[in-house]
Amino acid sequence: MKSFDIPQQFSSSFIDEINEIRNTNDRLKKDFSPSLLSFENADVLIARHFGFCYGVKNAVEIAFKVIADNPDKKIYLLSEIIHNPSVNESLLELGVQFIQDEKGNQIIEWSTINSEDIVITPAFGTTNEIQEILNSKEVNLKQYDTTCPFVEKVWKRGNELASNDATLIIHGKTTHEETRATFSQTSGKRIIVESIEEAKELATDIRREDFDDKWKDRVSDGFNFEADFDKIGVINQTTMLAEETHEIAELFKNLMIEIHSESQIQQHFVNTRDTLCYATNDNQSATKALAKEKLDLTLVIGGYNSSNTSHLLELFDEGSNIYFIKDEQDLISNKEINHFNLANKSIIGSSNYIPNKTKLRIGITAGASCPNSTIEEVIKKLLSFKNENVDIQSALSALKNRINGF
Ligand code: SF4
């Protein structure tokens, strides 16, 4: 896979070495077991796959290169480049301005942007409407477009389905940049469902041909509820829970069989498993393998607004001692931790999060937008609370020997 030039402040030779040790012996990435780093007072199990994916590395590399190459230009990003606070803060410090927030609310008026300015499209892509506004101002969007090729692959697949007269069911968060972009960049009949629960509600509405009002805000112009569920294909926001997308696809396939019979299914349902992103799949499979381990404490690291990070938490059993943190600053002390509560979408503080054990087993994973440097800092800070003499080189050598069967 292509290598990227990521700014030093987001890199970590410690994390790079773990990946190199694992990749040397598992080039095809079939082994999802976590990497064990053994220290005096703690075993740290790091998910086999985590952190910056292809699309994020590409976007980060381009954004920082554009800034370095254009010191005299005004540089805008359509919205956050990725959902990670440290990366976004670094860009803001370098003078970049975000035109919209993550929900699409305007921060900078379009009228202030002109053809001399640089406008970077983030990895999520953007909508046709925004492209039209900027094209009318003759802003060179193409040159600074970091839309991930795996997102574009979903758009391409969606448009193929639409040209075969299938209605697209887009599994994604209605307000998320990528789902708004996918909805806009695909043609034909489209509807967004956010979860398996919503998919079940929609299936019920289709069966009784009576549709809840909420769907009206989730469909393409001119959508005909009575006629437009005759042929269905499911595509997804690439960072959703892969299993949930499969479940939603199965639900609608079975609904089509129920309505039209098994022998007619080819005419009424199109299988689209291939729109799932490789990184989301790998990170989720690796996190599932991590979740099977006996762990005293687990930290899932990523921006609080990161969709893919939040889905990693859903892969752990309820009641696990698990915390969603953005970086090492959330580890206030060995007693206090700040973390994001997904249920009520707020940051809360908890006490006594580190179990009182002589040797802890700690699980670590991170979302696709979390820099390696953040993961390293979290591990080091946590180990320091155990008065650990953090001998990283010995832990890495032991991992290497274990992997090589010595
Ligand atoms: S999560 Fe997948 S689709 Fe999204 S930016 Fe990363 S590689 Fe691309």
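The values are calculated or read from the model by the stated rules, or taken from the named source; none is laboratory data. Everything numeric here is computed off the predicted structure, so don't read it as measured data. Backbone-built Cβ (ideal geometry, glycine too); neighbour counts: all protein chains shown.
Quick rundown of the values:
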| read-out | value |
| --- | --- |
| Test: residue in the stretch 217-236 that is within 16 Å of the ligand (Cβ to nearest atom) and either outside the structural domain of Ser307 (by TED's automatic domain parsing) or surrounded by fewer than 18 Cβ atoms within 10 Å (Cβ to Cβ) (or both) | yes |
| Pair list, Cβ under 9 Å, 6 or more apart: the stretch 120-149 residue farther than 22 Å from Thr174 by Cα, other residue within 16 Å of the ligand (Cβ to nearest atom) and at pLDDT below 95 | Ile120/Ile81 |
| Inter-residue pairs, beta-carbon under 7 Å, first under 20 Å from Lys386 (Cβ atoms) and in the stretch 290-309, second assigned to a strand (DSSP E or B) and modelled with pLDDT under 95, 6+ apart | Asp296/Leu360; Leu297/Leu360 |
| Any chance Gly104 is on the phi > 0 side of the Ramachandran plot, more than 13 Å from the ligand (Cβ to nearest atom) and either not assigned by TED's automatic domain parsing to the domain that holds Asn308 or not in a helix (DSSP H, G or I) (or both) | yes |
| Which listed residue, of Ala249, Ala279, is surrounded by 20 or more Cβ atoms within 10 Å (Cβ to Cβ), outside any strand (DSSP E or B) and away from the ligand (no atom under 16 Å from the Cβ) | Ala249 |
| Residues located in the stretch 111-156, provided they are among the β-branched types (Val, Ile, Thr), away from the ligand (no atom under 16 Å from the Cβ) and buried (at least 18 other Cβ atoms within 10 Å of the Cβ) | Ile113, Ile118, Val119, Ile130, Val139 |
| Residue selected from the stretch 36-65 under the condition in a helix (DSSP H, G or I) and surrounded by fewer than 18 Cβ atoms within 10 Å (Cβ to Cβ), by the criterion farthest from the ligand (Cβ to nearest atom) | Lys65 |
| Odd one out for Ser320 among (1) outside the structural domain of Lys345 (by TED's automatic domain parsing); (2) polar (S, T, N, Q); (3) over 30 Å from Asp228 (Cα atoms) | (1) |
| Matching option when the condition is acidic (Asp, Glu), at pLDDT 95 or above, outside the structural domain of His83 (by TED's automatic domain parsing) and more than 16 Å from the ligand (Cβ to nearest atom), among Glu198, Glu178 | Glu198 |
| Candidate set: the stretch 318-333, residues that are over 22 Å from Gly51 (Cα atoms) and at pLDDT 95 or above; chosen: the one surrounded by the most Cβ atoms within 10 Å (Cβ to Cβ) | Ile332 |
| Within the stretch 112-229, strands (runs of 3 or more DSSP E) holding 2 or more residues that are more than 30 Å from Leu94 (Cβ to Cβ) and not aromatic (Phe, Trp, Tyr) | 167-171, 190-193 |
| Residue count, the stretch 69-81 (criterion: over 12 Å from Gly95 (Cβ atoms) and more than 16 Å from the ligand (Cβ to nearest atom)) | 1 |
| Set Ile265, Ile257: member being in contact with a strand residue (DSSP E or B) (Cβ under 9 Å, 6 or more places away or on another chain), in a helix (DSSP H, G or I) and either within 16 Å of the ligand (Cβ to nearest atom) or under 25 Å from Thr167 (Cα atoms) (or both) | Ile257 |
| Verdict on Thr365 being away from the ligand (no atom under 16 Å from the Cβ), β-branched (Val, Ile, Thr) and in the same structural domain as Ser33 (by TED's automatic domain parsing) | no |
| Residue within the stretch 353-365 that is under 21 Å from the mean Cα position of the chain (by Cα), among the polar types (S, T, N, Q) and buried (at least 20 other Cβ atoms within 10 Å of the Cβ) present | yes |
